[in-house]
Structure formats: C-alpha cells, structure tokens
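Shown next, in structure tokens, is the structure this report addresses.
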Amino acid sequence: MTQTAVIAGVGPGLGASIARTFAANGCNVALFARSEDYIEALADDLPDSGDGLAVPTDLQDVAAIESSFETVRETYGSVDILVNHASAAAWKGLTDISLEEFETAWEVNARGAFVCSREAIDDMLATGGGTIIFTGATSAVRSLGGTIGFTAAKFAARGMAMDIAQEFGPEGIHVAHVVLDGQIDTPDLRTRDPERDPDTLLDPDSIAETYWHLVEQDDHSTQPFEVHLTNGPQNTEFM
C-alpha cells in the first residue's frame, strides 16, 4: 500500500533529500514550505516511483497548516508519515534577542510541529499506525550558550516528541527524534564557504536514508526513539 508522507519544512539540503528518498521508496510526498516556486519544482523532479505535491504553507500560521493537511487528504487520503523538519533560529543570547525573534523560533520549531503532529495523529490512529519524525539538533539536548531562542524551541520539540511517543506508541505510532550534531552540506553553505572540507559536513542523502530506516522500523520491540548523527572526522558534542 502506498504511504503518504508530509515533509513540514522543505528547502535545498536535507528537506529535499528526505523528499527524494521517500519518493524513491514509493511514497506520495507532500512538501510544506513558504517557497512556492522551489517546492513546485522539487515536486515535479521527485523519483517516478513516488509522487510529489507542493503545498505552500507558512508553518507559523496555524490555520494554514490545518488547511494544508486538508489539501493532502483530498489528494492522497490519510497521512502515514510526518517529518517535522522546519527550523528557525536567531543566533543570539538572552540580552540580544528580541521578543519577536524568540517567538518566531518557538512558533516554527515548536508550535508548528505541535499543530502538524496533532493533524497527522488522527489519521494514524484511524489507520492503525504511522511514523512521526522530529528533526533535532545539538541544541535540543544541551545548551551551547548564546542561542536561547533556538535552544528553547528545540528543547520544546524534543519534549513533545517524547510525550507523543509515550502516549501513542502503544497505538502503533512510532515517534523518533533525530539529533543532527553538525552542519548539513547544503548549496548555500558551499557558496558561503567554498573551501570547507566536505568531510566536516553531514551528508543530507545519508541522513535521509536514516530517516527512511526509522519509517521501516515497525517492530515495536526494537523501535528507536532517539538517533544521534555526527559527522565522523569533525569533533562533535557527543563523541
């Protein structure tokens, strides 16, 4: 049976890699992002084994998220997989960050993931199972100092992931939180730092394969909740 996946927060890099990987494995993939032109082009370019749907969505807008899920249901039916991948950050500390910047990080990373998860969970309960994956970061498990908005929002998202896993794991819904401990290789990063050693970056295609493995891991006795991904030769916070 074809699975329907929502990727909430898609851009060049990991979001695009997740979309391509899931489509290559036969999924219908709905792409949520504000960048309409980009997600429409990506939806048209996904592997033919799956199907793509561009759904322009402001993940700070609760009503927009709810409407986008209705669009997905009208096109593909129930949602089987959700990847809460959206991220917003102001790299500032307590006395430098504005209230607006702090709230933006929370609205995207935390509230957006909450609304997406609430929308998807009803579909998953009705069909007897599903997968929700949260994209986390080093800041989701330890403070780095000077990034209070991002850290607070990522801690919140990790806590939600834990709570949803505890509440709905017995209902056959696998919830996982992926800690990305390092910088992801993206076209924008390469443009800004063309001399950067690729061995010090996380490969988005490899990460996407890990996400797909989490979807496939449907044996309740061995389902991982948290996966830490590091970039090998580069020093990390956990190794």
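The values are calculated or read from the model by the stated rules, or taken from the named source; none is laboratory data. As the structure is a prediction and not an experimental result, all values here were calculated from the model. For neighbour counting, all protein chains shown are included, and Cβ atoms are generated from backbone atoms with ideal geometry for every residue, glycine included. Protein only, heavy atoms only, side chains kept; ligands, DNA and RNA dropped before computing areas. Shrake-Rupley method; radii C 1.70, N 1.55, O 1.52, S 1.80 Å.
Less than 9 Å Cβ to Cβ from residue 196, Lys/Arg counted +1 and Asp/Glu -1: what total charge do the surrounding residues give? Counting the neighbours of residue 196, the net charge comes to -2. Reducing region 1-53 and region 60-103 to their Cα centroids gives an inter-centroid distance of 16 Å. Taking amide H atoms as placed 1.01 Å from N in the peptide plane, the amide H of residue 54 lies under 5 Å from those of 31, each 5 or more residues away in sequence or on another chain. Residue 155 contributes an accessible area of around 100 Å² to the protein surface, as traced by a 1.4 Å probe with all chains present.
The accessible-area ordering, largest first, of the residues 107, 171, 40 stands as 171, 40, 107, per a 1.4 angstrom probe. Across the protein chains, with a 1.4 Å probe defining accessible surface, the residues 199, 37 rank 37, 199 from largest area downward. Relative contact order for the chain: 19 percent, from Cα pairs under 8 Å spaced at least 6 residues apart, divided by residue count. Rounded to the nearest 20, the Cβ-based charge dipole of region 75-180 about its Cα centre (Lys and Arg +1, Asp and Glu -1) stands at 400 debye. Within the shell of other residues whose beta carbon sits under 15 angstrom from the beta carbon of residue 216, the net charge comes to -4, with Lys and Arg scored +1 and Asp and Glu -1.
In the chain, helices alone account for a calculated mean residue ellipticity at 222 nm of -13000 deg cm²/dmol, with every DSSP H run of four or more residues adding -39,500 (n - 2.57). Among 167, 70, 226, the sequence by solvent-accessible area, most first, with a 1.4 Å probe is 167, 70, 226.
Among beta bridges identified by DSSP and lying wholly in the chain, the antiparallel ones come to about 0 percent.
Tell me, what % of the accessible area of region 1-131 is carbon and sulfur with a 1.4 angstrom probe? Working shown, then result.
On the way: 2650 of 5650 Å².
Result for region 1-131: 47 percent of the exposed heavy-atom area is carbon or sulfur.
If you average 1/r over all unlike Cα pairs in region 1-83 and invert the result, what Kirkwood radius do you get in angstrom? Intermediate values should be presented prior to the final figure.
Numbers: mean 1/r = 0.0820 Å⁻¹.
Computed over Cα pairs of region 1-83, the Kirkwood hydrodynamic radius comes out at 12.2 Å.
Taken per residue, the accessible surface of the chain reaches 46 Å², heavy atoms only and a 1.4 Å probe. At the residue level, residue 158 shows approximately 50 square angstrom of accessible surface with a 1.4 angstrom probe and all protein chains present.
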